[in-house]
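Undergrad: Can you keep this structure in mind? I'll have questions shortly.
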Amino acid sequence: MKKFITTIRNIFSIEELRTRILTTVYLLLIFRLGSFIVLPGIDPVVLQKADIAQQGIFGLLDTFLGGAFSKASIFALGIMPYISASIVVQLLTVAMPYFQKMQKEGESGRNKINQITRLLTIVITFAQALGYLTTTIPTEAILVDLWFFRVSSVIIITAGTIFTMWIGERITDKGIGNGISMLIMIGIISRLPAALVQEVSSRFAASQALLLILELIALFFVVMAVVLFTQATRKVPVQYAKQVVGNKVYGGQRQYIPLKVNAAGVMPIIFAQSMMFLPGMTAGYFAASSDFAASIATTFQDYTSWQYNLLFVLLIIVFTYFYTAISINPNQIADDMKRSGGFIPGVKPGAPTSEHIDSILSKITLPGSIFLAIVAILPALAVLFNVKIEFSQFYGGTSLLIMVGVVLDTLQQINSYLLMKRYEGMMKSGKVKGRSQDIAVA
């Protein structure tokens with residue numbers, strides 16, 4: 001405890017770090033306040049009774065947005081359109097030579113890609129806002145003219161998303177941590193106090209205090225396992241040839257390429273969850289005329305059924321391989337190593353190096369995808385053990401992975417400031433490794 005207090009004192013003794021932390025808190029506070037401002041022309045009481053984000057993809061979005069989606073606030077879509085645009089641009093960068101060329105242009109190319117991402121965000125926000133207002137908001141909750149409400153609300157929601165995007169960029173530039181990830185994490189964490197209070201109340205009401213303690217112990221070990229999984233890397237040794245320049249010898253040192261076991265992050269779970277609504281939705285159209293279709297629709301609407309979770313696990317494994325393949329290019333790594341005079345001991349440069357890296361990726365991706373699938377179905381398993389649905393979401397899935405990843409990244413950045421100022425408080429209380437290691441290629 002003394003070391004922790006010393007670390008906090010050291011953190012706030014650094015003026016730049018203190019300013020960044022306070023700026024981050026200030027911007028996150030603005031974001032949370034905006035999520036409670038309801039769109040003009042809506043009756044919040046009627047909207048609350050409608051419960052528009054009870055489950056499914058809407059429930060997932062509402063979790064990421066900290067309740068802004070179900071409240072129909074000015075930040076109803078939050079940062080999600082920007083994330084969608086970023087994913088689209090990232091896929092285009094892999095598939096289209098034009099975007100690949102821009103990515104290799106350095107700072108100017110990245111600025112062009114960022115500008116395209118912002119413009120695409122506006123287009124996606126317009127489309128999603130219109131769909132959100134027409135299909136999700138009940139007409140009985142609208143107090144003004146319908147068309148006036150929809151036109152004005154589309155503009156307001158789009159402006160809210162752009163403002164949210166600006167907040168995220170300001171946190172990245174002037175605050176601490178990754179701004180976009182911080183906004184998602186703060187939305188998820190905002191649900192934790194209410195979920196915990198509800199779980200504690202229900203357990204004490206049923207005289208099940210021991211079960212509550214076991215739940216918290218299980219949650220602790222799940223979080224620790226996810227931390228280990230998030231930081232797990234396979235280090236590929238890279239040897240650099242010695243070069244004589246004048247009277248000095250450069251190079252000759254051995255470095256490593258840290259290939260992450262979970263290189264895909266939470267994206268496979270997000271992709272798989274978006275696909276899991278198709279079986280139940282498709283079968284629902286034929287449920288009236290077919291008992292088999294009705295059975296399928298009922299089965300896949302229950303996310304605790306073994307059929308749902310089996311398909312969910314298979315999709316996560318497939319998407320993990322897919323996203324890892326598009327995010328890590330062994331050919332590019334091998335080419336960069338060859339240009340910088342590096343090689344993997346025992347492996348020839350060029351194509352053999354690319355094949356060696358690809359083989360390692362294939363081997364570590366399988367256990368990574370299986371563990372990711374287990375983490376994804378943990379909330380369903382928690383519900384089977386009578387954990388409340390709201391609290392079960394923190395036992396795994398995208399919520400837990402995002403929170404752990406953001407916290408580790410933020411701690412690593414804070415740790416870097418402490419190291420620069422030669423403070424050792426954070427180092428003694430626990431060094432954060434594996435989150436910001438550089439790939440040892442040019």
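The values are calculated or read from the model by the stated rules, or taken from the named source; none is laboratory data. Keep in mind it's a predicted model, so treat the numbers as computed, not measured. Cβ: placed from backbone, ideal geometry, glycine included. Neighbour counts: every protein chain shown.
Undergrad: What is the one condition in (1) under 25 Å from Y321 (Cα atoms); (2) in contact with a helix residue (DSSP H, G or I) (Cβ under 7 Å, 6 or more places away or on another chain) that A382 does not satisfy?
TA: (1)
Undergrad: Return the residues of the stretch 318-359 that are under 28 Å from V88 (Cα atoms), out of contact with any helix residue (DSSP H, G or I) (no Cβ under 7 Å at 6 or more places or on another chain), hydrophobic (A, V, I, L, M, F, W, C) and surrounded by fewer than 16 Cβ atoms within 10 Å (Cβ to Cβ); say none if nothing qualifies.
TA: V318, F322
Undergrad: Check whether at least one residue in the stretch 390-399 is surrounded by fewer than 20 Cβ atoms within 10 Å (Cβ to Cβ), in a helix (DSSP H, G or I) and out of contact with any helix residue (DSSP H, G or I) (no Cβ under 7 Å at 6 or more places or on another chain), and report yes or no.
TA: No: the stretch 390-399 contains no residue that is surrounded by fewer than 20 Cβ atoms within 10 Å (Cβ to Cβ), in a helix (DSSP H, G or I) and out of contact with any helix residue (DSSP H, G or I) (no Cβ under 7 Å at 6 or more places or on another chain).
A quick yes/no check of all residues on (1) within 18 Å of G168 (Cα to Cα); (2) in contact with a strand residue (DSSP E or B) (Cβ under 8 Å, 6 or more places away or on another chain); (3) outside any loop (DSSP other than H, G, I, E, B):
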residue	(1), (2), (3)
S70	no, no, yes
L77	yes, no, no
P81	yes, no, yes
S86	yes, no, yes
F99	no, no, yes
E105	no, no, no
T117	yes, no, yes
L120	yes, no, yes
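Undergrad: State all residues of the stretch 340-362 that are in a helix (DSSP H, G or I) and either more than 17 Å from F322 (Cβ to Cβ) or not assigned by TED's automatic domain parsing to the domain that holds V261 (or both); if no residue qualifies, say none.
TA: A351, P352, T353, S354, E355, H356, I357, S359, I360
Undergrad: Filter the stretch 1-15 down to the residues that are touching a helix residue (DSSP H, G or I) at 6+ places or on another chain (Cβ under 7 Å) and not in a loop (DSSP other than H, G, I, E, B), then identify the one that is surrounded by the most Cβ atoms within 10 Å (Cβ to Cβ).
TA: T7
Undergrad: In this structure, does S274 turn out to be within 23 Å of L400 (Cβ to Cβ) and at pLDDT below 75?
TA: yes
Undergrad: Which one is nearest to T230 (Cα to Cα) among residues in the stretch 360-375 that are crowded, with 18+ Cβ neighbours inside 10 Å and in contact with a strand residue (DSSP E or B) (Cβ under 7 Å, 6 or more places away or on another chain)?
TA: Checked the stretch 360-375; the qualifying residue nearest to T230 (Cα to Cα) is I364.
Undergrad: Now for a different question. Return the pair list, or none, for Cβ contacts closer than 6 Å from residues in the stretch 1-15 that are of a type in the set (A, V, I, L, M, F, W, C) to residues that are part of a loop (DSSP other than H, G, I, E, B) and surrounded by 12 or more Cβ atoms within 10 Å (Cβ to Cβ), at least 6 apart or on different chains.
TA: I14/K421
Undergrad: Which of the residues that make up the stretch 340-373 are more than 30 Å from W306 (Cα to Cα) and touching a Leu at 6+ places or on another chain (Cβ under 9 Å)?
TA: Hits for the stretch 340-373 are I357, I360.
Undergrad: Report those helices (runs of 4 or more DSSP H) wholly inside the stretch 164-232 carrying at least 2 residues which are among the polar types (S, T, N, Q) and under 30 Å from L27 (Cβ atoms).
TA: Correct list: 209-231.
Undergrad: Moving to a separate point now. Which residue pairs have Cβ atoms under 8 Å apart, sit 6 or more places apart or on different chains, and have a first residue in the stretch 88-117 that is basic (K, R) and a second that is in a loop (DSSP other than H, G, I, E, B)?
TA: Short answer, once both residue conditions are applied: K112/E105.
Residue-by-condition table, conditions (1) within 23 Å of M182 (Cα to Cα); (2) polar (S, T, N, Q); (3) in contact (Cβ under 8 Å) with a residue 40 or more places away in the chain:
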site: V347; (1), (2), (3): no, no, no
site: G350; (1), (2), (3): no, no, no
site: S359; (1), (2), (3): no, yes, no
site: P367; (1), (2), (3): no, no, yes
site: A380; (1), (2), (3): no, no, yes
site: K388; (1), (2), (3): no, no, yes
site: Q393; (1), (2), (3): yes, yes, yes
site: G396; (1), (2), (3): yes, no, yes
site: L400; (1), (2), (3): yes, no, yes
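Undergrad: Could I ask something else about it? Report, ordered by the first and then the second residue, all pairs with beta carbons closer than 8 Å, sequence separation of six or more or different chains, a first member in the stretch 185-201 that is touching a residue at least 40 places away in the same chain (Cβ under 8 Å) and within 15 Å of G66 (Cβ to Cβ), and a second member that is among the basic types (K, R) and assigned to a helix (DSSP H, G or I).
TA: I186/R32; S190/R32
Undergrad: Before we move on, is V154 in a helix (DSSP H, G or I) and not assigned by TED's automatic domain parsing to the domain that holds L120?
TA: Answer is no for this residue.
Undergrad: Specify which of the listed residues (K112, K49) is at pLDDT below 80 and among the basic types (K, R).
TA: K49
Undergrad: Looking at A206, A127, A218 in this structure, which one is among the aliphatic types (A, V, I, L, M) and in contact with a helix residue (DSSP H, G or I) (Cβ under 8 Å, 6 or more places away or on another chain)?
TA: A218 is the lone residue from the list that is among the aliphatic types (A, V, I, L, M) and in contact with a helix residue (DSSP H, G or I) (Cβ under 8 Å, 6 or more places away or on another chain).
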